Every structure is written in C-alpha cells, then in structure tokens.
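Asker: Here you go, one structure.
The values are calculated or read from the model by the stated rules, or taken from the named source; none is laboratory data. As the structure is a computational prediction, the values presented were derived from the model and not from experiment. Because the Cβ atoms are built from the backbone with ideal geometry, glycine has one as well, and the counts that use them run over all protein chains shown. SASA here: full protein model, heavy atoms, side chains in, ligands and nucleic acids out. Shrake-Rupley method; radii C 1.70, N 1.55, O 1.52, S 1.80 Å.
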Amino acid sequence: MTKHFLSLLDLSSDELNGIVRRATELKRMQHRGDNHTPLKGKNLGMIFEKSSTRTRVSFEAGMSQLGGHALFLSPKDTQLGRGEPIEDSARVLSRMLDIIMIRTFDQDLLERFAAHSRVPVINALTDLLHPCQLLADMQTYFEHRGDIHGKHVTWIGDGNNMCHSYINAARQFGFHLNIACPEGYDPDQTILTAAAEQASIIRDPLTAARGADLIVTDVWASMGQEEEQALREKAFALYQVNDELMAQADNDALFFHCLPAHRGEEVTTSVIDTEESVVWDEAENRLHSQKALLEFLLLGR
Ligand code: CP
Ligand code: NVA
C-alpha cells in the first residue's frame, strides 16, 4: 500500500517522532555542508491551487538538496485548471513522478487524488489541515525546549486548518491543547471530539493562556476568506497575542506563528519580533522536516 501524508493521523506517533528527530539531524548535516543526496533521480510534483512562499521554496530547495528534482505545477498552466478530472490527473502524474504534494482548498479533492495515485501524496495545506507545518513546529519545540509530551499548548484565534492540525498533533505528540476561539469560529467538531482527552475550548484567551509552555496563533482570515476580513477583524479583536496575553503564559513560553503574519492584527510587533518568538526557526524547519518526510515516504526510513 502506498503511504500518503494527508493528515498527521496517517502516520503513527513513533513515525512522526522519528521524522522530527531525523529533521534535526538533516539540519545539522546541511549546516555542516554535508553532501547527502539519497533522492538522486527522484521527481516531486508540486501542485499549488493557493499561494505559497515557505511551502514551495522548502519543498523545492529540499528536493534539490537531497539530489532530486521538483516541478512546480500551477492549475493555470496545466489541464487541472481546464477541468481534467482530478482522478485522471492523479493516474497520469503518478506514472511520471515519484511523489506529489498538493496545496488546495478541499480536503476531499486531495483524498480523491491520493486514492488514484500510485505514489505518495503529501498534504501541503487544505482548508481543513496543514500537517507539514506541524512537523516543523514540533521540531522547533524539541530543539528549543525538548520533548513536548505533557506540555501545555494554547491556540489563540481561528479554529482553522492550523488549529485542526494542532488538535491532531496533541493526540500524536501527547500534549494538552487549550483552544481560545470566538464563538462561531470553533474547530471542526469531529476532529475535536476525537481528541477530547487532549484538547478543549476555553473561550477566554487570557484564561486559556495561563501557564502555557507554548502560545500559537495564525491569521484571522485564511486564504480564500479574504472577503470576510473586516467581519473577522471585529470577531477576533479580543484574540490578539500581545504582551498582556504572553504575560499569562509560563516565563519560558515560546511563541509560534506559521506565517505569513499580520502585525497589529493577530499578533503585536512586541511579541513576534522579540526573543520568545521563534518563528524564523519555525520557518527554516519547514525545509529540514519536509526533507525528513520525503526520505520517510520515498525510502521508508
Ligand atoms: N506557513 C506556510 O505554509 O507558508 P506559505 O503559505 O508561505 O507556504
Ligand atoms: N490558515 C492559513 C495558513 C497559511 C499558511 C491559511 O490557510 O491561509
């Protein structure tokens, strides 16, 4: 059976921890200047139906560092944008490529693609989930503070794709997750219920942040929700990560944001541009953790 990475729940907790550990090893090797090219001759297809800076560049650079090659496929320039069925595209592309990543809107479309692909498919963000970002986030926490197992993480803001992946990560990596979101912006009930022992909603952001080891947020309006920007600014006004909120967390608490960030909206400059914020490490780790993921899916180790 072909192994896909459509959600953090597709791999076991041991496999995920292994990838995160390997990511730190690959990071050391790259910083040392080691030549490590186990994916020579392998091709990654990258289908993007939404914009990206980090995901595109980290997959493309990562594949090249591992000795392989990456192809950027935009629906605008392929038959995907002219209505070729997703199942047919999967059948065709997976006969030419060794692995495929997709950033799209609908999780269902990604799953249909994977069901018709002969090669591993990676979720590079959908409206529902963003599992690749969690690999980098877990690597970043491990590198700064050690094992996240048993720690307290607080999510502030929208119950969106990132929040859903944090809920899944709470199950897989064994941390407790407080979710502070305004009413009407709750995470998916099924995802939350499945994590009932690890994750719960605490409406008040200051209460939710109390004693936390890690504070995480994301934009108020995700890609595809641009028209709701004004409405969301009102709904989320009390859900900003600022100095008052960070003061509730543990003294050693870190701040994470998957980026891009909107300073003055979901986070203040005084939080994102200071020491407890490790967002640049988080962004860099997209490269190393996805290299570890590519090795895992293509070489089985
Ligand atoms: N965090 C993240 O996925 O960034 P991009 O949208 O730039 O890929
Ligand atoms: N929630 C954001 C994440 C961007 C990486 C979005 O979907 O736009």
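Asker: Hey, among the residues in region 80-105 that are open to solvent by less than 40 Å² (accessible area, probe 1.4 Å) and over 17 Å from residue 49 (Cα atoms), which one's farthest from ligand 1 (Cβ to nearest atom)?
Answerer: Filtering region 80-105 for residues that are open to solvent by less than 40 Å² (accessible area, probe 1.4 Å) and over 17 Å from residue 49 (Cα atoms), the one farthest from ligand 1 (Cβ to nearest atom) comes out as 94.
Asker: Please specify each residue of region 22-42 satisfying the condition of being surrounded by fewer than 16 Cβ atoms within 10 Å (Cβ to Cβ) and either at pLDDT below 95 or under 12 Å from residue 296 (Cα atoms) (or both).
Answerer: Selection gives 38 alone.
Asker: Turning to a different aspect of this structure: In this structure, is residue 179 closer than 23 Å to residue 275 by Cα and either in contact with a Phe, Trp or Tyr (Cβ under 6 Å, 6 or more places away or on another chain) or part of a loop (DSSP other than H, G, I, E, B) (or both)?
Answerer: Judged against the criteria, residue 179 is not a match.
Asker: Based on what the data block shows, is residue 224 touching a residue at least 24 places away in the same chain (Cβ under 8 Å), at positive phi and within 14 Å of ligand 2 (Cβ to nearest atom)?
Answerer: Here the answer is yes, as residue 224 does meet what is asked.
Asker: Determine whether region 53-66 contains at least one residue that is among the acidic types (Asp, Glu) and more than 20 Å from residue 125 (Cα to Cα). Quick ask: steps written out before the conclusion?
Answerer: Initially, region 53-66 is screened for residues among the acidic types (Asp, Glu), giving 60.
Next, from what is left, pick out any that are more than 20 Å from residue 125 (Cα to Cα): none.
No, region 53-66 has no match at all.
Asker: Can you name the residue in region 7-21 that is over 19 Å from residue 101 (Cα atoms) and among the hydroxyl-bearing types (Ser, Thr, Tyr) and is also surrounded by the most Cβ atoms within 10 Å (Cβ to Cβ) among such residues?
Answerer: The extreme case among them is 13.
Asker: Only one of these is surrounded by fewer than 14 Cβ atoms within 10 Å (Cβ to Cβ) and within 16 Å of ligand 1 (Cβ to nearest atom): 74, 58. Name it.
Answerer: Unique residue meeting the criteria: 74.
Asker: Restrict the check to region 200-223 and report whether at least one residue is under 18 Å from residue 135 (Cβ atoms), buried (at least 19 other Cβ atoms within 10 Å of the Cβ) and among the β-branched types (Val, Ile, Thr).
Answerer: yes
Asker: Just for region 43-55: of the residues that are within 16 Å of ligand 2 (Cβ to nearest atom) and touching a Gly at 6+ places or on another chain (Cβ under 9 Å), which one is most open to solvent (accessible area, probe 1.4 Å)?
Answerer: 49
Asker: Pairs under 8 Å by beta carbon, first residue over 24 Å from residue 255 (Cα atoms) and open to solvent by 10 Å² or more (accessible area, probe 1.4 Å) in region 276-301, partner within 16 Å of ligand 2 (Cβ to nearest atom) and not in a helix (DSSP H, G or I), six or more apart or different chains?
Answerer: 297/122
Yes/no per residue for (1) away from ligand 2 (no atom under 16 Å from the Cβ); (2) under 22 Å from residue 139 (Cβ atoms); (3) at pLDDT below 95:
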| site | (1), (2), (3) |
| --- | --- |
| 190 | yes, no, no |
| 201 | yes, no, no |
| 206 | yes, no, no |
| 209 | yes, no, no |
| 213 | yes, yes, no |
| 220 | no, no, no |
| 250 | yes, yes, no |
| 257 | no, yes, no |
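Asker: Can you say whether residue 134 is within 15 Å of ligand 2 (Cβ to nearest atom), touching a helix residue (DSSP H, G or I) at 6+ places or on another chain (Cβ under 8 Å) and part of a helix (DSSP H, G or I), as far as the supplied structure shows?
Answerer: Criteria met by residue 134.
Asker: Go through region 137-159 and give me each residue that's part of a helix (DSSP H, G or I), crowded, with 18+ Cβ neighbours inside 10 Å and away from ligand 2 (no atom under 12 Å from the Cβ). Lay out the reasoning, then the answer.
Answerer: Going through region 137-159, the residues part of a helix (DSSP H, G or I) turn out to be 137-145.
Filter once more, keeping what is crowded, with 18+ Cβ neighbours inside 10 Å: 137-142.
Result: 138, 139, 140, 141, 142.
Asker: Need pairs with beta-carbon distance below 6 Å; first residue farther than 20 Å from residue 211 by Cβ and within region 160-176, second assigned to a helix (DSSP H, G or I) and away from ligand 2 (no atom under 14 Å from the Cβ); sequence gap 6+ or separate chains.
Answerer: 164/191; 168/8; 168/9; 172/8; 172/13; 172/16
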